[in-house]
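J.: Before anything else, here's the structure in question.
Values quoted throughout were computed directly from the atomic coordinates according to the rules given, and no laboratory measurement underlies them. Keep in mind it's a predicted model, so treat the numbers as computed, not measured. We place every Cβ from the backbone using ideal geometry, glycine too, and count neighbours over all the protein chains shown.
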Amino acid sequence: MVYGHEVDKKSLAFYGSVTSLAFAPKNLLLAGRGSVLSIYDWNSGELLKDIKLFKRNKIQGIAVGLSKILLWGAYSFGIINIPSLLDNFEFTELVMKDWLMAGHWGLDNRAYLVTAHNLLLQISIDCKQLEKVFSCGNECSLYSASVYSTSDDIYVAAGTVFGSIDIWSVNKREVISVLNGHEGSIFNVQFSKCGSKVVSCSDDRSIRVWDIDRETCLAVGWGHMARIWQLKFLENNIISTGEDNTARVWELKQGKLDCVQTWEGHTGRNVWSMAVNGLDETLIATGGADGRIRIWDLDEKPRFIENRRTTDFKSIETAIGKSCGSVKQFAAFNVTSYALSTTGGYILSYDAVNNSWDELFYNQSVVGFSLLKGWTDKPYIAVGDRFGRIYILSQERNSDVLVLEPPTDSCNKTVEMVTISKDNRLYLLVQYGNLQAPWSLFVLLEEKTGPVSLAYASTLESHATFPFSAAAINDSGLLVVGSRFGALAVYAIADDASSKKSVGCWRRIMSEDCITNVIVTHEEPDLTDVLITSRTGVYSVCSVVEEDKKVILQKIHLNRVAKGSIEGAIFIGGDLILWGFKNNYFFVWNESKQYEIMSEVCGGPHRFWHFSIRSLTKFAFLYTKSTALCFASPYSSMLQKYTTSLLQDGSHGREIRAISASSAKNDPDALLVASGSEDTCIRLTNVYNDGRIETLGIFRKHVSGIQELKWSDDGKYLFSSSAREEFVVWQVTIRRSIVYMYPIASAPIESDVPDLRVMDFFAKKVEIAEGVQFFIVTVYSDSTIKVWLFDTTEAKFTLKSAGRYKTCCIFKVSAIIDGENILLLTGGSDGYITCWNLGPIMESVLTQNLDCLPFPEQSWSIRAHQSSIKSMEIMRTEKAIIISGGDDNSVSVIDVNGASCAEQQQKLASAHASTVSSLMVLNDHTILSAAVDQRVRFWSFDESRSKLILERDEYTTVSDTGCISFGWAGDRRVLVIGGAGLAIWNLDM
Amino acid sequence: MGKCSKDKRDLYYRKAKEQGWRARSAFKLLQLDSEFHFLDNISRVVDLCAAPGSWSQVLSRRLASGPNAATIVSVDLQPIAPLPGVITLQADITHPSTLTNILKLFGGEPADFVCSDGAPDVTGLHDLDEYIQGQLILSALTLATSLLREGGTFVAKIFRGRDVDLLYSQLALLFDHVTCAKPRSSRASSLEAFVVCEGYRPRPGWQPESLQLKDTKVPQDLSIASMDQSERAIASFIACGDLSDYDADATYQLEQGVQAVSLDPVQKPTAPPYKTALEKKRAGTLR
């Protein structure tokens, strides 16, 4: 990182709210990320530079002038010359006495700032002095402001806390217009191009357009589900962003403000910042609380889709010159040419580029019967008929048709077909109307010239209640078939015509809902990983393992998409692309990078449809809507103005409540970190020692905000807890560079009180039988303490004991272990640390006794804090020492003398100015504390006196500072700080 | 406070309804007073940013009756439903006439106690929220300095964020004792706490204008060094309320049968600014 202000070598990066954005000449986009200014080339998608500008304050606003850029945030501001933007420029942080709400470049080339008390400050032309202060006489508190210059005056639009917008003239020094109508504080106000109008938003969640001179409201717009933060008044549109995580485009027509587009591109909550490119006003950048920066093109309506063609069935019949009935199913030869079946027994070909139709095939046996399937990127389709016959057609009209007969006469009609293509082989799996009949497996060979030929046909023994729906095959001939009822069956396919039995069948892999896709993701001798997707919106990775001639299935991954059903999946360039339906629209979603690629309002899933995708820019969605056929595809010429719509990735979109660094690695240069947030998600992230982060996965399992997260010592398990009594054990599998997590079990839920939170837990591996067992203690917000034995093989919790402290909330739990002795320590909201001797319970566990034992009486209890204990760590030297941090700003040091007693050695009453939310033992003689006052303090530990001595005091950009963790990333130790955002520090400075 | 499922979650919320308080925050003032006894023997009291009036309610129940009934004035921009023995003023606390009006009600005598439980519209941008809250406290404090007798008490809600130490040092110039207090009824997970400032005694030479940020003097030194010299101090912390009191962070299992009863609100919630938006959302016309 390059530093404009001062040398701050500890900070490597900050991933938090993007608080300001502005476009600058030469394809530059400037973003305020904390106190750092990031400069991007939005065209290439490159981050060109990071510069820390302000010492503490965040950059809340950026105004680009003709030759200079004005930046401000809180009390600070500064100016950069545009030509030196990409060089090593000098930057001086200047401060005002009051908070700055808005910045502006006047026509006189001077910078102007508006304070939170409605004063306009004029900065001298050399940008060094406050030259003049203008007031309109009403110095009330503002939530927003903006400035407009004409050749002979300057106007300020002041958004007050009382719901009015006051427009005042700098020349007259008085209010010339008061706009009343909003309720609640005015969160944003912007002038129109001509300066005769303003647009505003307030706590009432409406957008209003006003005529300044006539003091009248011209239009009101409703649409945002929560508060609105940003507005821009363009020539033809108004753009807004808000707390509901959307950006919206509005059209002002005949006194009406209509929302014409809604962009959902951020996660969590709040789109804080927005910018519009200066010249043609077609590009919009948005910045969220999730740290993401997205680019949107106003010209794409809706996004990406250029070709949208609707053809009535009647006009298709006219084109063919036959009455072929209505269109049923589709199969693709490629992204732009298709085969369609009709109710009249016709198979038509459709060229979507020329919008031309042709008759391909007709047979009496497919009249009123329209089963049709294609192979990915192969110019053939399979048509099933009423008698169990299959016709293989080529894209070429009048070419030979290959007919595949059913294995027996009693098969009845063809019911379902699944196709797989692998090199020059086309696999076709067929299910028949007679459910007792075996399935057919046809293997076709694609010749260099001429038609496709049958290599062999064989049969697979079918399973009862197993209507198949998807299948995949690995390189050694292992066929994995998924069913409509959520089951998987595996067959070993040798290249011969013999009948095969399945080598394994497993029911309810994720649920009883349809498995919509199966993809082989990894293969090694005796092990194949398959990714399976379900219509319920859940996807999973399972390992098919051949062990002693037996085939077993191990579930290694389970996750859920943020929205809707999953109808299909594909890997493109390493990214998992999923598609499906939500409500009335179809979507294509990049699950790896978490953004929507396209969406099409089609009316929902109850229709015939087909989606083909070859790359992130080459795909098409074909569907029927009442009596018409619709085709939607992206820009054929790829006129896209930028390479990526996700310019900057980020982290959680809500406050981070727990962070834990793993001892396991999937990349030797990175620290593997799990983080949990109020957004209910667990994120796995690789943190590099230059501050870069890479998201490995986002796990949606908990239904309420995460309270605590911890890894097992070996990194093979992750434990997470939240409200609703949720405590989840995740099994971690690292396959090459991919980290999979499967929630193998949740602790039993006994209460129906949704607020009952698992505040903290303690998990320790114990060795008693084969497999892996954990001794787990969970503590709850209703003062309950539960002791469990957890067996990972059987995924089973056994309650070993349960007790209650008092009635207060238990925030923290830890334990001191010496051999078989285990002293449990709890920290409550009453400020007491209490010790419980769990030795007898542990002994019972180790002797494999499964009885539930009485909970012990407390051994001792000591008042460490006046109120809630928010952090507690054990330090082991010759003795055991408890370091705790409280809501009372203090840090306490307690010597433990076994189960007999403990003694408070030190109480640092004002260790911080606010709640000490996190403590960390860095090594035998160093402790770190983090608090809500946004400070991280380094303390050295004097063992002889059991005392902490303050060594270093550092400021962090992360507000609502809540959790810290550290570990090795390559050859350096990095500190990860979580709260409202994520900060990465270099610990070895 | 409306009629909602919160009843089942938050014990103080339910207790407030049972005991007839307009908001659960009444317990915060009660617990603060149980520690500091600032409501003993006082006769002129001002509650700023008082709506919906739960602190005024506490003041009314404690001070409004008996032979030595106190004069209680409650001020807010929003209307406050009448309370026995409380004079309500719908006024802006930053407006000069508000001071004159209050003093008139006290017959020109200074106040013994000024409190404010006001909070701004929290946006989620922590820096901004803490600033706006700071401004609200300074407005209340500005009024309080003109109202309080020497030795009087000032109590206000604060957010313990990154610049809370600057606020403490400003308050220390005006009062003998400044304490940061957190009642048990306030959640540990919230940034909220209260400053209890006892013994109003401005240091000699102290000017009321020093509380103002509206410095219009030009030219001005804008270097960051001027900011760095600001004094910071940490006020001592006191947790209030008996340990046997209910705990705002804890989950309580309600006794059998209690849960089924949903209590009516003591007072209908005041209409929020986004009322129309909510109605549209419910009607399905917001999309």
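J.: What is the spin-label model distance, in nm, from A:K322 to A:R945 if the labels are put 7 Å beyond Cα along the C-beta direction?
T.: If labels sit at A:K322 and A:R945, their model points lie 9.9 nm apart.
J.: Give me the mean projected area, in nm² to one decimal, of the convex hull enclosing the Cα positions of the protein assembly as shown. Please report the intermediate quantities before stating the final value.
T.: Details: hull surface 213.5 nm².
Answer in nm², one decimal: 53.4.
J.: Can you tally the net charge around A:E857? Count Lys and Arg as +1, Asp and Glu as -1, for every other residue whose Cβ sits under 15 Å from the Cβ of A:E857. Mind showing how you got there, number by number?
T.: On the way: positive: A:R804, A:K806; negative: none.
Net of charged neighbours comes to +2.
J.: Something else: How many nm separate the modelled label positions at A:K765 and A:N171, each set 7 Å beyond the Cα in the direction of the Cβ?
T.: It works out to 7.9 nm between the two label points.
J.: Using only the Cα atoms of region A:760-863, each taken as one equal point scatterer with no solvent, compute I(q) by the Debye sum, divide by I(0), and report log10 of the ratio at q = 0.11 Å⁻¹.
T.: Each listed q corresponds, in turn, to -0.31.
J.: Just add up the charged neighbours of A:Y623: K/R +1, D/E -1, any other residue whose Cβ is under 9 Å from the Cβ of A:Y623. Could the numbers behind the result be given before it?
T.: Values: positive: A:R607, A:K625; negative: A:E600.
For residues surrounding A:Y623, the net value is +1.
J.: Based on Cβ point charges of +1 for Lys and Arg and -1 for Asp and Glu, what charge dipole magnitude is obtained for chain A about its Cα centre, in debye rounded to the nearest 20? Before the final figure, lay out each step's value.
T.: Numbers: 96 positive and 113 negative charges, 248 e Å.
Approximately 1200 debye in magnitude.
J.: Turning to a different aspect of this structure: Say a paramagnetic label sat at a point 7 Å from the Cα of A:R507, along Cα to Cβ; which residues of region A:449-483 have their backbone N under 12 Å from it?
T.: Flagged as within label range: A:464-466.
J.: Moving on to the next point. Considering the options A:A913, A:C602, A:S801, tell which one lies farthest towards the positive end of the dipole of the protein assembly as shown, charges being +1 on Lys and Arg and -1 on Asp and Glu at the Cβ, about the Cα centre.
T.: The residue sitting farthest along the positive end of the dipole is A:C602.
J.: Now for a separate question. With the Cα gyration tensor of region A:336-453 in hand, convert its eigenvalues to equivalent ellipsoid semi-axes via √(5λ) and list them largest first in whole Å.
T.: Numbers: eigenvalues 105, 64, 26 Å².
They are 23, 18, 11 Å, listed from largest to smallest.
J.: Once you have the Kirkwood Rh of region A:63-205 from its Cα pairs, apply Stokes-Einstein at 20 °C and 1.002 mPa s and quote D in µm²/s.
T.: Details: Rh = 15.5 Å.
Rounded to a whole number, D works out at 138 µm²/s.
J.: What ranking of B:Y131, A:Y362, A:Y432, A:Y595 emerges when the number of other C-beta atoms within 10 Å of each C-beta is taken as an exposure proxy, fewest first?
T.: Values: B:Y131 21, A:Y362 15, A:Y432 24, A:Y595 18.
Fewest to most other Cβ atoms nearby, the residues stand as A:Y362, A:Y595, B:Y131, A:Y432.
J.: Please give the Cα centre distance for region A:922-969 versus region A:146-167, rounded to the nearest Å.
T.: Using only Cα atoms, the two centres lie 46 Å from each other.
J.: How many percent of the alpha carbon pairs in region A:70-124 exceed a separation of 17 Å? Walk me through the numbers on the way to the answer.
T.: Numbers: 551 of 1485 pairs.
Summing the P(r) tail past 17 Å for region A:70-124 gives 37 percent.
J.: Right, here's the next one. For A:N27 and A:R876 in the same chain, what is the full-extension length gain: residue separation times 0.36 nm, less their Cα-Cα distance, in nm?
T.: Details: separation 849, 0.36 × 849 = 305.64 nm, distance 5.56 nm.
Extra length available between A:N27 and A:R876 comes to 300.1 nm.
J.: Could you list log10 I(q)/I(0) for region A:635-784 at q = 0.17, 0.20, 0.21 Å⁻¹, which the Debye formula gives when each Cα is one point scatterer?
T.: Each listed q maps to, in turn, -0.98, -1.26, -1.34.
J.: Going 7 Å from the Cα of A:K422 along its beta-carbon direction, which residues of region A:351-383 have the amide nitrogen within less than 18 Å of the resulting point?
T.: Residues A:375-378 qualify, since their backbone N sits under 18 Å from the label point.
J.: Continuing with the same structure: Given 20 °C and 1.002 mPa s, how large is the Stokes-Einstein diffusion coefficient of region A:366-421 in µm²/s, with Rh as the Kirkwood radius over Cα pairs?
T.: Working: Rh = 11.9 Å.
It comes out at roughly 181 µm²/s.
J.: Could you please tell me the mean projected area of the C-alpha convex hull for region A:1-105, averaged over all directions and given in square nanometres to one decimal? Write down the numbers at each step before the final one.
T.: Values: hull surface 25.2 nm².
Result: a mean projected hull area of 6.3 nm².
J.: Still on this structure, please answer the following. Could you pull the Rg and Dmax for region A:100-164, using just the Cα atoms, both in Å?
T.: So, for region A:100-164, Rg and Dmax equal 11.5, 37 Å respectively.
J.: Once the convex hull of the alpha carbons of region A:518-593 is built, what does its volume come to per residue, in cubic angstrom?
T.: On the way: hull volume 6.2 nm³, N = 76.
Roughly 82 Å³ of hull volume per residue.
J.: From zero up to wherever the largest Cα-Cα distance of region A:806-930 sits, split into 5 Å bins and tell me the percent of pairs in each.
T.: Taking all Cα pairs of region A:806-930, the binned fractions are 2, 11, 21, 22, 19, 12, 7, 4, 1, 0 percent.
J.: Here's a follow-up. Let's test this: bin the Cα-Cα distances of region B:104-144 at 5 Å from zero up to the farthest pair and state each bin's percent.
T.: 6, 21, 22, 17, 13, 10, 6, 5, 1
J.: Stick to Cα atoms and the Kirkwood definition of Rh, then tell me Rg/Rh for region B:6-127. Write out the running numbers ahead of the final one.
T.: Numbers: Rg = 15.1 Å, Rh = 15.3 Å.
A ratio of 0.99.
J.: Follow-up question, since we're still on this one. Quick one: length gained pulling A:S356 to A:D312 fully straight, 0.36 nm per residue minus the C-alpha distance? Could you put the intermediate results ahead of the total?
T.: Details: separation 44, 0.36 × 44 = 15.84 nm, distance 1.32 nm.
Result: 14.5 nm gained on full extension.
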